[in-house]
Amino acid sequence: MENCGQNYHNFHIDLPSLEDNTLKLDILAEFDDKKFLSCLLSQFNFLLNFNRDTTSTKYLIEEFFSQWFLCFVNIKKIKLPDKCGDILLMNYYPTEKYLKKNKRKLVASILDRYGIKSDITIKIVHDVGDIDFTLLLEICVLFGDDYKKYIGNIPRTYFYYGEVCGNKFRRFSRDILNVDITFKLDKKTKENVFKIICDSIQCSMNSNRNVASLLFDHFFMLERVNEYYPNYRLTAQTYSSFLEQHSHLSIIDRKIRDGWSYCRVYDEKFVEKIEQPIMIDIKSTDGVNTNDKIKFTSKILTTTDEYDEEGAYMHHCVNSYIKNKNSLIVSIRSGEERVTCEFDIRSKQCLQSRFFTNKEVPEHFKNPVDIISQRIKNYPHIIRFKQEQKPFITCIEH
């Protein structure tokens with residue numbers, strides 16, 4: 001072929017980041033032909049002078065790679081699946097060793113490389129096409145040797161990658177491949193995991209990747225917690241109940257790692273003054289007081305368990321404040337609603353007040369927050385407390 005005059009020496013393609021760059025090396029070995037490369041570049045000469053609009057350039061680059069890999073596939077005689085073969089090859093190249101072992105079949109070679117080759121996983125990849133291989137691998141690890149029994153009954157949409165990222169090029173998380181991870185789950189636990197995964201699919205705001213990560217975190221924590229709670233098991237069967245149990249397990253795990261359980265002892269008169277109930281008049285829509293009242297109670301948090309419960313209930317990080325010697329936490333409550341308030345013991349000023357998930361205080365709680373703030377500000381003495389602590393292990397109820 002004639003040299004088309006392009007400066008191929010300065011041409012560079014940033015291939016997908018791979019663990020051992022085997023795809024890049026194989027491509028360089030197959031395409032180390034300057035005339036061929038020069039001619040290939042001329043075919044896409046418009047790229048060099050193209051106005052670099054981000055969207056259009058991204059499209060053209062993907063088209064370039066499609067042509068590039070088509071030539072590579074033909075030379076290597078790789079057998080691609082009907083769907084998304086280019087995506088699988090670009091992101092999960094199995095190396096020549098596994099292609100040769102699996103009769104040049106791409107899907108079987110990739111699965112074989114990652115140790116999850118079976119009839120059902122091959123079928124799943126062919127059915128899904130644009131599959132999240134990291135997720136597929138993680139789910140197989142969770143179910144262990146029994147993965148074939150469960151994974152085929154998980155809806156195929158669970159493993160679909162395209163909704164997460166439409167780009168053909170993605171970063172394959174290989175952390176899991178570098179560690180020998182084995183979870184020894186009993187049959188009942190595996191059935192619960194299966195039910196949680198299937199139920200999570202119904203949650204439109206949920207990320208499939210997040211569910212798998214939470215399950216991994218859960219069983220890593222459970223290994224530590226089981227040293228002290230040997231009978232603690234995953235009993236949740238729905239996604240929402242799993243989140244509750246996961247939150248509870250996180251609290252136990254944090255206590256074990258921290259090693260101590262804390263208790264603050266405030267002056268009884270101070271506690272009595274702050275925790276007096278608050279009655280607020282209910283006003284009509286035109287601002288006129290009615291005969292009805294709303295009762296608000298306040299609770300000074302004093303123990304590790306109370307801080308943990310408040311944080312879990314309110315979905316914020318107040319449980320980390322118990323060791324802050326200048327912080328006083330008061331939980332203002334009415335029915336099932338709460339507002340968590342932090343005060344500076346030295347200045348007696350309210351530093352922050354938060355509703356559920358750190359949202360702003362709703363209007364009907366503002367008056368009670370002001371009343372508690374005034375009570376603390378007007379307390380005539382220095383606010384002191386005695387902090388007691390004991391090893392958490394001695395606090396565990398078996």
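If R0 is 41 Å, what FRET efficiency do you get for Leu351 and Arg233 from their C-beta distance, rounded to 0.05?
0.55
Partner lysines whose Cα lies under 19 Å from the Cα of Lys187, excluding those fewer than 8 positions away in the same chain, are identified as Lys148, Lys149, Lys195. With neighbour counts taken as other beta-carbon atoms within 10 Å, the residues Cys317, Cys263 rank, fewest first, as Cys317, Cys263.
Cβ neighbours within 10 Å, averaged per peptide: list 86-93, 187-194 in order, most packed at the top. Could you put the intermediate results ahead of the total?
Details: 86-93: 21.5, 187-194: 16.6.
Output ranking for 86-93, 187-194: 86-93, 187-194.
Taking a straight line from the alpha carbon of Lys77, these lysines sit under 19 Å away, with near neighbours fewer than eight places off in the same chain left out: Lys24, Lys97, Lys100, Lys101, Lys103, Lys105.
Just want the ordering: Leu137, Leu70, from fewest to most Cβ atoms lying within 10 Å of their own Cβ. Intermediate results must be reported in sequence, preceding the final value.
On the way: Leu137 22, Leu70 13.
By the 10 Å Cβ count, ascending, the order reads Leu70, Leu137.
Qualifying trypsin sites (Lys or Arg not before Pro) in segment 68-144, where qualification requires a DSSP coil assignment and no more than 13 other C-beta atoms within 10 Å, comprise Lys77, Lys103.
Since every read-out is calculated from the coordinates, none of them should be taken as a lab result. Computed from a prediction, not measured in an experiment: that's the story for all the values here. Here the Cβ is made from the backbone with ideal geometry for all residues, glycine too, and neighbour counts use every protein chain on show.
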